[in-house]
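J.: What follows is a single structure, and I will ask about it in a moment.
Derivation of every value follows stated rules applied to the coordinates shown; laboratory data play no part. Quick caveat, the model's predicted, so the values are computed rather than measured. Virtual Cβ from ideal backbone geometry, glycine too; neighbours counted across all protein chains shown.
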Amino acid sequence: MAQAANIAIDVTPTQLTNTSFQSGSGSDDLWVRAFDGMMWSNWKEFHVNAPVDNLPIVAAADFSASHGQDIAASTLFSTTDADGDTITNYQLWDSTSDPSSGHWVVAGVAQGTNVAINVTAAQLSSTSFQSGSGSDDLWARAYDGIAWGPWKEFHVNAPIDNAPVVTASDFHATANQSVAASMLFSVADADGDHMSQYQFWESTPSAGSGHWSIGGNAQPANTAINVTTAQLASTTFDGGTVSDDLWVRTNDGMIWSAWQEFHFIV
């Protein structure tokens, strides 16, 4: 267990065999004394002199990415150490808090912005940056077991994402008719992105109005109803006996479209 500086550290004769001094960078001013059961000896000063540690240096260049590209962290930067020290830890940082921008991912878990993200040497192979829309301001630094190197700034630049556009027309139905949600609207995306999520809304809380259903389960009115791409095939609008004011929007993995209003007319 590491011990603190500028404090007397008590060691029994039994503990002496597993007590050591771990050298670091430069010279350490050390002292020792012994106790014979009655009196302490005088303190004896001595030094452990190690070379001054050269800090590890991270090198990185700006990276041009596509939308939603998963980029291995190890391809975004490299590290050199003049002493040949093994790098034991890294810290990563993302200064771009726009929710449509990219993010670091460690072992499959998305990381936050404006916080130091600790990554061990073993974790680096499962760490990546997931690009989003536009440019991300990123930083990295490395630890050689003795000291942290300076932060290195770089950027991952992706094209600005075009939001998807939803088109829907009023639908004329018979009373109590059920219609597949996918038949009520269409989506266009200038970037060719695949839709990752949908939201539906019904603004008519009348007892005679219809409702959205997912897998046969009726959904409430006046609330955003989240539907995954996989769920869309089992999503319907089940009409009632009066007309309904409906809304839909979609997400391309980065940005939501505008809400599109339309009507289910009975």
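J.: Just for the Cα atoms in the stretch 66-105, what are the lengths along the principal axes, largest first, rounded to whole Å?
T.: Here the spans come out as 41, 19, 14 Å, largest first.
J.: Another question, then. Hey, if you drop one equal point scatterer on each alpha-carbon of the stretch 215-266 and run the Debye formula without solvent, what base-10 log of I(q)/I(0) do you get at q = 0.16 Å⁻¹?
T.: Debye curve over Cα of the stretch 215-266, log10 I(q)/I(0) at q = 0.16 Å⁻¹: -0.56.
J.: Return a whole-number percent for the relative contact order of the chain, with Cα pairs under 8 Å and 6 or more residues apart as the contact set.
T.: 16
J.: Calculate the length of the line joining the C-alpha centroid of the stretch 36-64 to that of the stretch 132-146, in whole Å.
T.: Using only Cα atoms to place each centre, the spacing works out to 27 Å.
J.: Ratio of alpha-carbon Rg to the 2.2 N^0.38 Å globular estimate for the stretch 1-118, to two decimals, please.
T.: 1.73
J.: Something else now. So what are the three principal axis dimensions of the stretch 70-186 from its Cα atoms, in whole Å, longest to shortest?
T.: 79, 24, 21
J.: Of all chymotrypsin sites (Phe, Trp or Tyr not before Pro) in the stretch 6-59, which ones are in loop regions per DSSP and have a Cβ with at most 16 other Cβ atoms within 10 Å?
T.: Within the stretch 6-59, the qualifying chymotrypsin sites (Phe, Trp or Tyr not before Pro) (loop, at most 16 other Cβ atoms within 10 Å) are Phe21, Trp43.
J.: Roughly how compact is the chain, stated as its Cα Rg over 2.2 N^0.38 Å to two decimals?
T.: 1.68
J.: If you build a Gaussian network model of the chain, linking Cα atoms that sit under 10 Å apart, which residue out of Asp245, Asp28, Asp94 swings the most?
T.: Asp28
J.: Within the stretch 30-48, whose backbone N sits under 16 Å from a point 7 Å along Cα→Cβ of Gln15?
T.: Once the point is set 7 Å along Cα→Cβ of Gln15, 31-37 turn out to lie under 16 Å by backbone N, inside the stretch 30-48.
J.: While we're looking at this one, here's another question. Between Ser234 and Asn114, what length in nm is gained on full extension when 0.36 nm per residue of separation is reduced by their alpha carbon distance?
T.: Stretched out fully, the Ser234 to Asn114 stretch lengthens by 39.2 nm.
J.: As an exercise, identify the chymotrypsin sites (Phe, Trp or Tyr not before Pro) in the stretch 219-263 lying in DSSP coil whose Cβ has no more than 16 other Cβ atoms within 10 Å.
T.: Hits after loop and neighbour filter: Trp259.
J.: Quick check: pseudo-label points 7 Å beyond the Cα along Cα→Cβ at Val179 and Gln69, how many nm apart are they?
T.: Result for the modelled spin labels: 4.2 nm.
J.: Relative contact order of the stretch 1-64: what whole-number percent is it, with Cα pairs under 8 angstrom and at least 6 residues apart?
T.: That works out to 28 percent.
J.: Here's another thing I want to ask about it. So for the stretch 165-265, what are the equivalent ellipsoid semi-axes in whole Å, largest first, each being the square root of 5 times an eigenvalue of the Cα gyration tensor?
T.: 23, 13, 12
J.: Tell me the Kirkwood hydrodynamic radius of the stretch 177-227 in angstroms, computed as one over the mean inverse distance between distinct C-alpha pairs.
T.: About 12.7 Å for the stretch 177-227.
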